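Report on one structure; see the data block that follows.
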Ligand code: ATP
């Protein structure tokens, strides 16, 4: 794997919106851009593909500066949100399109189309029109069309957004297997945190035209550097606290709970922080009670329960617990602990 295969350092300004992105993507990597609607994910993809020009900065791919290279010469494939398939062409015609643009001889084009129809299990549909295809079939044609000219990089803008949940999950798995088999570098845009966490080797979380954090799924979920990242990638308890260092251990005084002594703390400076604990890391059946409170709501999830617990200091905690806690009652007093090593400190930025 070539490190820093794609290096992006660009700026783009629209009235009322500015995007600044600095990213390095490795060869063969499945990388996701994730963030709420309007944060600039599509704009960043369009800049990489050449459909937009940056106001400032450079894009380097495979050692070459492609900032001003026309889109068709960049060797970048694009799968659009609505697939943008050509309705007047057949399935095979759509897949062949990019090969014609490349001026590949007819015999090579036909061989490549055949290969892709087989790879995407579309052999029996080569002569079908686009209108009659299901959502999942269209999605496979769009991927086959984008991959036909053997791009160095594949960009995908929310390619599953029009599909139902179970089909999304299946296609997600298929896409990942395909990417592992063929080894292409991929940038995948989604606003769904589950999709980004399950698909990506690394991901970037975006907000208001800025990249807030980049890392592996585990890194960004377990160690978010910003409250927004913590909240966007799942549910999080963010508990105001004060950090002091006592001899060799870090002491965290919590609002609404006991002091915590955290030997594995990463923070360097004493001061005010948010203690981040995921709902699944708050434990009901523990001797090490940190918080005491009353169960305010209790929701059955099938695999367990979602609980809201209000401490006497007015702190509301979100807890997810397993089926074994079926005896819980609304209004009941309950002690709660924290799974060892699961609490993380997030600096409060002023
Ligand atoms: P979504 O998830 O809804 O697709 P996104 O994260 O992809 O959102 P973008 O489509 O990149 O967001 O848009 C980011 C911002 O840039 C928006 O405020 C949008 O209105 C603005 N924008 C995008 N393209 C243009 C343009 N050509 N001219 C002016 N403003 C634009």
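Read the figures in this text as sums done on the coordinates, not as results from a lab. Source: prediction; values computed, not measured. Virtual Cβ from ideal backbone geometry, glycine too; neighbours counted across all protein chains shown.
Things to note:
- Rounded to 0.05, the FRET efficiency of the residue 192 and residue 4 pair, given R0 = 25 Å and the Cβ-Cβ distance, is 0.35.
- Exposure proxy order (Cβ contacts within 10 Å, fewest to most) of 184, 80: 80, 184
- FRET E, pair residue 244, residue 292, Förster distance 25 Å, beta-carbon r, rounded to 0.05: 0.65
- Rg and Dmax, both from the Cα atoms of the chain and both in Å, are 24.5, 76.
- Estimated D of segment 121-263 in µm² per second, where Rh is the Kirkwood radius over Cα pairs and Stokes-Einstein applies at 10 °C, 1.306 mPa s: 86 µm²/s
- Most to least packed among 329-340, 31-42 [average Cβ atoms within 10 Å]: 31-42, 329-340
- Shape parameters for segment 241-350, alpha-carbon atoms, Rg then Dmax in Å: 14.7, 46
- Computed [θ] at 222 nm, helices only, for the chain once each DSSP H run of length n ≥ 4 contributes -39500 (n - 2.57): -7000 deg cm²/dmol
- The C-alpha atoms of the chain define a longest principal axis, and helix 165-182 lies at about 70 degrees to it.
- Label-to-label distance, nm, for residues given as residue 210 and residue 170 (7 Å Cα→Cβ offset): 4.3 nm
- Extended-chain gain in nm, criterion 0.36 nm per residue less alpha-carbon gap, residue 329 and residue 20: 106.3 nm
- Exposure proxy shown here: for 252, 91, 141, the number of other Cβ atoms within 10 Å sets the order, fewest to most, as 252, 141, 91.
- Counting only alpha carbon atoms, the long axis of helix 135-147 and the longest principal axis of the chain meet at about 70°.
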